[in-house]
Amino acid sequence: MMETFDKEFLLQEYLKPSPQLLRDIINIDGDILILGAGGKMGPSMAKLAREAINKTNIQKEVITVSRFSDPDIKNDLNKFGVTTIEADLLNEDDLKKIPDTPNVIYLVGHKFGTTGNEPYTWAMNTFLPGMVAEKFKQSNIVVFSSGNVYPLSHITTGGMTEDRSASPIGEYAQSCLGRERIFQHFSQKHNTPILIYRLNYANDVTYGVLLEIARSVYGGKEIDLTMGNVNVIWQGDANEIAIRSLLHCSVPGKILNVTGPETISVRWIADEFGKVFNKTPKYTGIEEPNSLLSNAAECFKLFGYPKVSLKQMIELISYWVIEGGKVKEKPTHFQEREGKF
Ligand SMILES: NC(=O)c1ccc[n+]([C@@H]2O[C@H](COP(=O)([O-])OP(=O)(O)OC[C@H]3O[C@@H](n4cnc5c(N)ncnc54)[C@H](OP(=O)(O)O)[C@@H]3O)[C@@H](O)[C@H]2O)c1
């Protein structure tokens with residue numbers, strides 16, 4: 001049994017706003033609107049922004065918009081002092097009712113279930129961005145995108161940098177590039193400052209690549225090594241970068257890779273969890289020489305290295321798995337090499 005008090009304490013520490021966020025939140029002019037806030041990242045991002053505002057004693061509202069398919073998320077955000085608006089953004093009347101806000105973080109996207117329902121994915125990932133870009137043309141917009149817009153790259157290259165051509169594999173990834181292109185078009189047309197935030201695998205104790213590997217090791221399930229390497233980042237760090245990115249929106253839009261600093265071997269991750277659980281990981285497949293990898297050096301130049309390290313994430317997630325903590329059953333499908341989601 002692991003020592004529990006320390007880990008709970010650490011988890012709380014890892015979710016707190018950093019001094020850098022407290023400094024930046026003061027310089028973000030006006031309220032912050034988070035669109036698509038009902039998913040994995042939105043609730044913790046909204047709370048982090050709210051906590052940073054409270055700590056700095058400034059006046060600023062955090063407004064979240066989602067369908068709030070899970071009403072508990074809406075109630076929890078309200079209790080935390082975050083404003084919630086229930087809306088289906090694809091519905092024009094709903095979109096019109098959302099207040100114009102100087103700072104927008106756009107999290108909406110559709111990935112899983114794309115195969116067989118491609119038209120919906122394209123509507124969500126390219127048509128809706130056009131509606132949103134028109135409506136919020138006076139705002140700064142941080143547009144969430146994905147490292148999936150890059151092709152697989154050789155593990156010796158250090159991952160794709162922002163100046164490399166996007167070459168998405170499969171319709172989900174193609175529609176993510178479409179989302180970027182539509183926002184870029186309207187940014188140029190209306191002089192709207194934007195930042196395109198290309199994320200590779202956020203992780204917390206309830207979801208993510210690390211948790212998936214940990215649960216496989218713990219449950220004695222085989223781990224496919226074909227996608228042999230990954231990039232990961234602590235969700236709290238990714239949230240901080242998203243909020244602080246509001247100060248780096250520009251015309252033409254800035255593109256930013258957001259992930260951790262390491263190219264990490266999946267086998268190594270499993271072995272690390274195996275040591276904690278005292279279990280031998282079971283493997284299938286052989287590592288291919290290329291993987292979906294991003295290089296986030298530009299992000300570290302702007303914001304510094306992530307606060308929570310890889311080994312700290314592994315430690316916390318091990319604890320969570322052993323304790324049987326609540327998890328979100330939302331697998332990343334990080335092993336997918338053909339772009340079929
Ligand atoms: N998490 C990661 O590791 C990761 C990695 C790469 C890229 N990304 C991208 O980053 C973004 C945020 O990530 P996430 O993990 O928080 O995504 P997510 O879990 O898919 O959350 C997005 C939320 O948007 C809301 N939404 C969907 N359609 C909507 C609509 N028509 N109107 C209003 N709200 C709608 C949904 O919540 P409701 O059901 O409540 O409306 C959904 O849960 C996504 O675009 C994702 O693709 C994430």
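No value in this document is a laboratory result; all are computed from the given coordinates. Given the structure is predicted, the values throughout are model-derived calculations rather than measurements. Ideal geometry is used to build each Cβ from the backbone, glycine not excepted, and the neighbour counts take in all protein chains shown.
Here are the numbers:
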| read-out | value |
| --- | --- |
| Gap separating the Cα centres of region 315-333 and region 140-195, nearest whole Å | 29 |
| Overall form of region 196-321 per C-alpha gyration tensor (a/c, 1.5; a/b vs b/c) | prolate |
| Relative contact order (%) - the chain, alpha-carbon pairs under 8 angstrom, separation at least six | 19 |
| Rounded if a/c under 1.5, otherwise prolate or oblate - region 274-341, Cα gyration tensor axes | oblate |
| Environment charge at GLU262 (Cβ cut-off 13 Å; Lys +1, Arg +1, Asp -1, Glu -1) | 0 |
| Cβ-defined net charge surrounding ARG67, 13 Å radius [Lys, Arg +1; Asp, Glu -1] | -3 |
| Over region 183-231 - Rg/Rh using Cα atoms and the Kirkwood inverse-distance radius | 1.30 |
| The chain: angle of helix 235-244 to the longest principal axis, Cα-based, in degrees nearest 10 | 30 |
| Among the listed pairs LYS254/LYS328; LYS16/LYS40; LYS60/LYS301, those beyond 21 Å (Cα-Cα) | LYS254/LYS328; LYS60/LYS301 |
| Amide proton proximity set for ASP204, modelled H, under 5 Å, gap of 5+ | GLN235 |
| Between helix 266-277 and the chain: long-axis angle, C-alpha atoms, 0 to 90°, nearest 10 | 70 |
| Contact order relative to length of region 131-272, as percent, for alpha carbon pairs under 8 angstrom and 6 or more apart | 31 |
| Listed peptides 172-182, 280-290, 315-325 by packing density, highest first (mean Cβ within 10 Å) | 172-182, 315-325, 280-290 |
| Estimated 222 nm signal from helices in the chain, with DSSP H stretches of n ≥ 4 weighted -39500 (n - 2.57), rounded to 500 | -12000 deg cm²/dmol |
| Separation between Cα centres of region 239-304 and region 61-77, rounded to whole Å | 28 |
| Nearest 10 degrees, 0 to 90: helix 209-219 Cα axis against the chain principal axis | 30 |
| Cut-off 14 Å between beta-carbons: net charge of the residues surrounding GLY109, Lys and Arg +1, Asp and Glu -1 | +4 |
| Gaussian network model of the chain, springs between alpha carbon atoms under 10 Å - residue of GLY38, GLY274, GLY116 with greatest fluctuation | GLY116 |
| Residues whose placed amide H lies under 5 Å from that of THR226, excluding near-sequence neighbours | ILE286 |
| Mean projected area (nm²) of the alpha-carbon convex hull when the chain is viewed from all directions | 16.4 |
| Scattering profile of region 139-244 at q = 0.10, 0.16, 0.22, 0.23 Å⁻¹ [log10 I(q)/I(0), Debye over alpha-carbon scatterers] | -0.37, -0.88, -1.31, -1.35 |
| Shape call, region 1-54: gyration tensor on alpha carbons, a/c limit 1.5 | oblate |
